[in-house]
Every structure is written in C-alpha cells, then in structure tokens.
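The values are calculated or read from the model by the stated rules, or taken from the named source; none is laboratory data. Computed from a predicted model, the values in this text were never measured in an experiment. Positions of Cβ are generated from backbone atoms using ideal geometry, with glycine treated the same way; all protein chains shown enter the neighbour counts. Accessible surface areas use protein heavy atoms only, side chains included; no ligands, DNA or RNA. Shrake-Rupley method; radii C 1.70, N 1.55, O 1.52, S 1.80 Å.
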Amino acid sequence: MEILNEMVSIAFNGDIEQALAYAKKGVQLSDKIGDKNWQPKFYEMQGRMHANLLQLDSASLYFDKAMKGYLAITDKKGQATTLFKMAWVLKKKGENEKALQKNLQALKLMESLGDKAGICDALNRISEDLTNQNLLSAALNYAEKAIAIAETNNLTTEKFYVNFNAGNVAMALGNYKQSLDYYNAAAKIVKKENLGLATQADVTNAQGNALKRLGRYKEALINYKKCVALAKEANYANAIAASFANLGEINMLLGNYKEALGYQLKTVQLQEQENDVSNLVENYHHVSKIYKELGDFKLALDYKQKAYNLRDSIASVKSDAAMSKLLTQYEAKKKEETIATQESKISQQKLIQRLSFVLVALLIILLLFGFIGLRNRNKSNRLLAIKNAENELLLKEIHHRVKNNLEVVSSLLALQSAQIDDPNTKDAMSDSRNRVNSIGIVHQKLYQGSNLGAIEMKDYLLNLSESILDSFGVEKKIELHLAMDKLDLDIDTAVPLGLIINELLTNAIKYAFPKEEKGTITIKLEKQNIHFLHLEVADNGVGKSGITHGTGFGGQLVSLLTQQLNGIMTEKSQNGTTLIFDFKLKVA
C-alpha cells in the first residue's frame, strides 16, 4: 500500500520513470509474499505510466496482465478501471470501435456495483467515443445521462468531466457559443478543485478551440499560448502537440503563414512519430493550404494527397455499422432484462388472482395477450430502426466516397493544368475543376448533414462561392453577399443550381471587374411558394452581355441547366449585370 501511494505521488509530480521503478518493485514484492490482491493494481499502474509516455504497446501488455489479475480475484471495480485505460490506448491507436466496446463493458460492471461515480465516468467516455465517430445524437444522449447522474449525486470531479465532454459534443454539433459556456464552467471547477496543470491545459486548449470557431482569433491565440505554457510545466506531451497544431491553424487564419508552417510541420512530425492519427488528416490539410499560400504548389498537392489517403484508410462503412450494431445490442439487452423482470411479477400476480377470482384471471389473460402483441410490435420497430440506421450509414459512405473521387479528379485536373502553357486551356481546366468542386460540395454536405434527402443551400452556396473566389485568388478584391435565408432543396435541384451559380460567378470574376477593380457580387435565392424558385446573381461591375447566347461552353451549360429545371432567364445591364432566373419546381 505504501509503495503504491508513493508511486502515485511521484507520477503526478512528473517523474514517470521513477514511478515505473516503484511499480516494478511492487509487483515483485506482491509476487514474493503471494498477495494476489495488490499485484494487478501494480500492473495497472505500470500500464498507466507507459500510456503517459505514449508507449502504447507496452501499456496494453501491462493492462492485459492487470485484467487477468482482477478476474482471478473477482475485483469488478479493478476490471472496470482497467477497461477504461485499455479503451484510451485503443483510441490513441485509432481503433475507436474496440475502444467503445471496452467502455461499454466497463459501464455494465459499474452498474452491477451501483458505483455512481464509475457509471458517470463510463457514460462520459462512451459519449466521447460516439463523438469521435460523428454519431452525435447518441453522444448527446449519453452526455445528458452523465450530467444527470453527476448533478443528482453531487459528484464534484465528475461535474468537470461532464461539462468538458458536453462542450466537446456541442462543438461537434456546431453550437460554438454553448460549447464555450460548457468549457468556461469546466474551467471554474478546475481552479476551484485544483485538478492540476494538465487538466487546466486541456480546458484552456478547448476554450481556444471554441473562440476560434466563433471567429475570435486573437483571444484564441492567447489561450493556445497559455496552454503551451501549462502543458510544458506539467510535462504533458499530448497537450503540447495539440497546442502546436492549434497555434499553426490560428496563425494561418490570422495570415501569419510562415509562423504557422513551423508549428504545423512540428505537429505532423510528432503525430507521425507516435502513429497518432486522431487529427493527422486535418493537419495534413492545414500544411497543404499553408504551402499553397506561400506559393509552393508541389508540396501543397503532396500534403493534400496524404490527407486523402489517410482518411480513406481509417474510414469504412463496416466500422460504423458494427459500432451501431454494438450499441443496439447493449440497449436491447437492457430492455429485455427489464421486460423479463416485469413478466416475472405479472406471472406471480396472475397465479394469486386465478386462485381468488376467475374474472380477474380472464382480465389478466387479455392483458397478457396485449402485452405480447405490444412487445412484438416494439421488436419489429427496433429491427426496422436498426435497418434504417444501417441504410443511412451506407448512403452517407456512398456520398463520402463520391466526394473523395471528385476531389481526386479535381487534383488530377490541377496537376494536368500545371503542365499546360496555353492560357485558354488553363482557364478551361480551371473552370472544369470548379464545376467538379461544385458537385463535390453537394455530396460533402449530404454525408456531413443529418438530412440525406436535402441540401441546406445557404451554407452550400457560401462554401461554393468561397471555393471559387479562392481558386481565382480574389478573396480581397471581390465582396460576396448572400441575400437569402436557410433553404433546403433536393439533390436533383441543388446540383444543377450549383453549376449555374458556379458559371455565373466564374464569368463575373473574369469579366465584370477588369484592371484589378474591386466590386460586389450578390446572390439571392428564395422559394416563392412550393411551385417556384427565384434566383438572382448580380454584380456592380462594368456590365456585359452574351453569357447565355451560346458563344461559349459556360453559356451553353447555363442554358441547358435552366431548361432542365423548367426555368426562364432574364438579363439586366444597369449598374453592372443582373441575371434573373425563375424555376418551376416539381412537387412530389
């Protein structure tokens, strides 16, 4: 016992190597005196120290030994805590499905013990696993359960973790203001309860992430620098790496590309060395963008391809489906246990009532038949829900892979364009890339959104327009206005509409503002009723005509797509050029 306490004290003071030495001494001592109760505890601590050093294979080895020891002495609490640590290692290796399975096993053990703090911890970890897999509705469900238990039982430390995780889920859902509120609440608990520098570093980093998403870049930069200082003081390698990544991104957003490159390359190097793929795809994308801004297009393409290759290697429909099935099996088993308990009580009541009252017995029989029918219907509904969820996952993966393939096509067009000297051919290749990208963004919105049958057009057009402005390098020259509310359209309407707007924006950028003149492009889109859709694309440039008279491929494409959507187009040339479209929608 004294050895274990001393080892924990040393570990939290940062001397992990010395803590490992004490852990080995503890194993030898417990083995010498034949104490099987303490031996697994020392193995568990050895695994924890190796995990802190990111020696993941060694950590797994000692956690396996600890689990065998806890099973031998039937220590359920020890089994559950070891399962938590096994899951952490698996997540670091990118094996999120196996990590979720470990945490679900730990939850069941904690529930059998009635350990409220343990149950809260398990629910919180499961919520984190689901957030990592973008199963946000289920993640929010488990987070709310954890919050309820922490509040009901006044679990002070757990309240911190619950608030911190709730902030992560809110961040993933895009509720950045709510996320910042959760992180601020967690930060107050850290200071009040003195939970340590490493924990304070995590919260400070998370606050910076929320501020970044809210566009408060300078405040976020302050938080990230503070996080680095805290993490270095705590010798917290994970937070240091995360802070380097965030400092790289925030400097990139502020336009400090040379400073951002140093941070991002260091982050990528650390993640590659430790085989930590959790955010490596995103960091590859950041490096690619920085090189592009610095004019090194070859390295920009190299890192973009690295990001695509890594993302495809860790994403699969099978993994998502297996995780959904695992959750369904767990919930179904709990419901079946509840039903079995209820059936036992009903059977006892029915036996007593049959001996006393014939009429009551008949009533019970009728109720029993109704209950069986309800259970069968519920079972059918559960099976149908599972099937629908699997189909939805499959459809999302299809859109995901279509998006990937379109990005590869776009990259190939870019590489081919780089080998061409003729400016007209280069322009044609660039226009083709933008058309491919406009379709790719549709598929991206479909697999990222919750509604697979419709596209939210304001967000889609914002991404499309920014992509086109970026491709021509005119973000500072041309100001874009989206005069529209949120509007959902089906994919058959969204794709041709996106291509039309792509052509009109491209032509406006090319011809409406010559000699580096600045200007404004306004896009207005509204559904006047269920039958008609109105679109206006206007610029305040020099004015032009002939866009749809068949003099070029773009004009022909706009004309054909307008006919496809049962639309008519009019053109006005006053204070610039305004193209007006009225489409007749198909009503299902």
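A few notes on this one:
- Every test in (1) over 33 Å from the mean Cα position of the chain (by Cα); (2) open to solvent by 20 Å² or more (accessible area, probe 1.4 Å) is passed by Gly519 save one, and that test is (2).
- Residue within segment 91-114 that is within 21 Å of Asn153 (Cβ to Cβ), part of a helix (DSSP H, G or I) and within 21 Å of the chain's Cα centre (by Cα) present: yes
- Positions within segment 481-506 being open to solvent by 30 Å² or more (accessible area, probe 1.4 Å) and within 20 Å of Gly552 (Cβ to Cβ), in sequence order: none
- With respect to the stated conditions, Asn194 fails to be closer than 27 Å to Leu253 by Cα and among the polar types (S, T, N, Q).
- In segment 119-162, residue farthest from Val190 (Cα to Cα) [restricted to those that are touching a Phe, Trp or Tyr at 6+ places or on another chain (Cβ under 8 Å) and open to solvent by 30 Å² or more (accessible area, probe 1.4 Å)]: Arg125
- Exclusive hit being surrounded by fewer than 17 Cβ atoms within 10 Å (Cβ to Cβ) and either out of contact with any Cys (no Cβ under 8 Å at 6 or more places or on another chain) or part of a helix (DSSP H, G or I) (or both), set Lys289, Lys258: Lys258
- Residues in segment 292-304 that are without any contact (Cβ under 8 Å) to a residue 60 or more places away in the chain and either over 21 Å from Ile250 (Cα atoms) or in a helix (DSSP H, G or I) (or both): Lys292, Glu293, Lys298, Leu299, Ala300, Asp302, Tyr303.
- Just so you know, in segment 264-286 the residues that are farther than 17 Å from Leu247 by Cα and without any contact (Cβ under 8 Å) to a residue 60 or more places away in the chain include one that is most open to solvent (accessible area, probe 1.4 Å), and it is Gln273.
- Selection of segment 216-240 for residues being at pLDDT 85 or above and open to solvent by less than 40 Å² (accessible area, probe 1.4 Å) yields Ala220, Leu221, Asn223, Tyr224, Cys227, Val228, Leu230, Ala231, Ala234.
- Breaking point among (1) in a loop (DSSP other than H, G, I, E, B); (2) under 29 Å from Leu253 (Cα atoms), for Ser471: (1)
- Pairs with Cβ under 7 Å, 6+ apart, first in segment 60-81 and over 23 Å from Lys92 (Cα atoms), second modelled with pLDDT under 90 and open to solvent by 30 Å² or more (accessible area, probe 1.4 Å): Gly69/Lys36; Gly69/Gln39; Gly69/Tyr43; Ala72/Lys36; Ile73/Lys36; Ile73/Asn37
- Considering segment 67-101, the residues that are in contact with a helix residue (DSSP H, G or I) (Cβ under 9 Å, 6 or more places away or on another chain) and among the β-branched types (Val, Ile, Thr) include one that is surrounded by the most Cβ atoms within 10 Å (Cβ to Cβ), namely Thr82.
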